[in-house]
Amino acid sequence: MTLVLTHSDIDALIDRASVYDAVERAHADLATGTAVNPAPANLALHGGGAALPMAASSARHRASAVKMLSDMPFNRDRGLPTQRSTILLMSAETGECSAVLDGRLITAVRTAAASAVATAHLARQSSTALGLIGAGTLAVEHTRAIMRVHPMEKVLVWSRNPATVEAFHARVADLDVSVEYAESPRQVLAAADVVCTLTPSKQPIAHGAWFRPGLHLNAVGAPPRPDHREIDGAGMGSARLVVDSRATALAKSGDVLLAIEEGLLTEDDINVELGDVIIDPRRGRRNEDDITVFNSVGIGLQDLVTAHTLVARAAERGIGRTLDLSA
């Protein structure tokens, strides 16, 4: 039987602390070889969109998964989401499709969890200020995820749309943290110890010339397109760079690929994954003045382990609908 979980089901089930733990273990498993996550293919669609099948397998969970991500840039003009996704979770023992899940909330929560894992392992312990470039749902999820593992005294937030900043403030009002509005991305980088870039930018929105000693930056928002980036080449080349997956970064990260094209990085520089730092902290931050960047493209393994936690919770609570797909 196959369990179907809708967006509403997932919203009722998801436990962000459990997702954090699952994502951290998953990256360690990827580093030790007990999980597999190849770079996603890019399937061009008529009209300018693309489909990216993000596959992964996990020995820990005895499962495989694929998230079919549809990247539809022209949807913006239609007032529709530019990215949509569905996750299939399969048993690695029988091959049965054990679950079908809507990918919207899973993607946002597991993305924030990965940034929180990176922050826990790469940021200075003395960090007190979180900076957000972008103020939408990802900003809310990142604030909650990072505050859970590294309490901050204040959050500085910038967005092109002041109304988005107001909405962000309301959505995190329950947190014990001061929220300050920044007038520019540069002002965020000038004042924050940990910064998350959360915009679907095509041109750099954060520049290496603005980086301060000790900064940790999570580069998150750019879509998986080789011509989009949030960080300029100088910023990527000046930092101690950590990626979620080397294969994925070299295939899909505009931040990485454009810096290589400009001669400010080489492929050999893309040699430390998040799982490597979890297993051996010496591969991450080495001193208080190091500038660290986590380049987060997003990988199918994060979707797999998040889906696995949701299926387990759904079974406990009797949530979701089961279908016999073989009938």
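The values are calculated or read from the model by the stated rules, or taken from the named source; none is laboratory data. All values reported here derive from a predicted model rather than from experimental measurement. Quick reminder, even Gly has a Cβ in these numbers, built from the backbone with ideal geometry, and neighbours come from all protein chains shown. Remember, those area values only see protein heavy atoms, side chains included, never the ligands or the DNA or RNA. Shrake-Rupley method; radii C 1.70, N 1.55, O 1.52, S 1.80 Å.
Mind checking which residues of the range 270-300 are open to solvent by less than 30 Å² (accessible area, probe 1.4 Å), in a loop (DSSP other than H, G, I, E, B) and either over 18 Å from Ala113 (Cβ atoms) or hydroxyl-bearing (Ser, Thr, Tyr) (or both)?
Correct list: Ile270, Val272, Asp290, Ser296.
Taking the range 170-222 as the region of interest, how many residues are of a type in the set (Gly, Ala, Ser), touching a residue at least 40 places away in the same chain (Cβ under 8 Å) and over 21 Å from Ala113 (Cα atoms)?
So the first thing to find is which residues in the range 170-222 are of a type in the set (Gly, Ala, Ser), and the list is 170, 173, 178, 182, 184, 190-192, 201, 206, 208-209, 214, 219, 221-222.
With the extra rule that they be touching a residue at least 40 places away in the same chain (Cβ under 8 Å), the set shrinks to 182, 191-192, 206, 214, 219, 221.
Subset that is over 21 Å from Ala113 (Cα atoms): 182, 191, 206, 214.
Qualifying residue count for the region: 4.
All but one of (1) open to solvent by less than 20 Å² (accessible area, probe 1.4 Å); (2) at positive phi hold for Val305; which doesn't?
In the conditions (1) open to solvent by less than 20 Å² (accessible area, probe 1.4 Å); (2) at positive phi, Val305 misses (2) alone.
Just one of Asp193, Asp176 is of a type in the set (Asp, Glu), closer than 30 Å to Ala259 by Cβ and assigned by the TED database to the domain that holds Pro224; which is it? Please lay out each step first, then the result.
Working: Asp176 fails: closer than 30 Å to Ala259 by Cβ.
Result: Asp193 is the single residue among Asp193, Asp176 that is of a type in the set (Asp, Glu), closer than 30 Å to Ala259 by Cβ and assigned by the TED database to the domain that holds Pro224.
Is it the case that Gly263 is outside any helix (DSSP H, G or I), more than 25 Å from Val140 (Cβ to Cβ) and open to solvent by less than 40 Å² (accessible area, probe 1.4 Å)? Spell out the reasoning first.
On the way: outside any helix (DSSP H, G or I): yes; more than 25 Å from Val140 (Cβ to Cβ): yes; open to solvent by less than 40 Å² (accessible area, probe 1.4 Å): no.
Taking the combined requirement at face value, the residue does not satisfy it.
Grab the helices (runs of 4 or more DSSP H) fully contained in the range 142-242, keeping just those with 2 or more residues being at pLDDT 95 or above and more than 24 Å from Asp255 (Cβ to Cβ).
On the way: elements: 162-171, 185-191, 233-238.
Filter on the range 142-242 gives 162-171.
For the range 128-139, which residues satisfy the criterion of being under 14 Å from Thr111 (Cα atoms) and either open to solvent by 10 Å² or more (accessible area, probe 1.4 Å) or assigned to a strand (DSSP E or B) (or both)? Outline the logic, then answer.
First, pick out the residues of the range 128-139 that are under 14 Å from Thr111 (Cα atoms): 136-139.
Scanning the range 128-139 gives Gly136, Thr137, Leu138.
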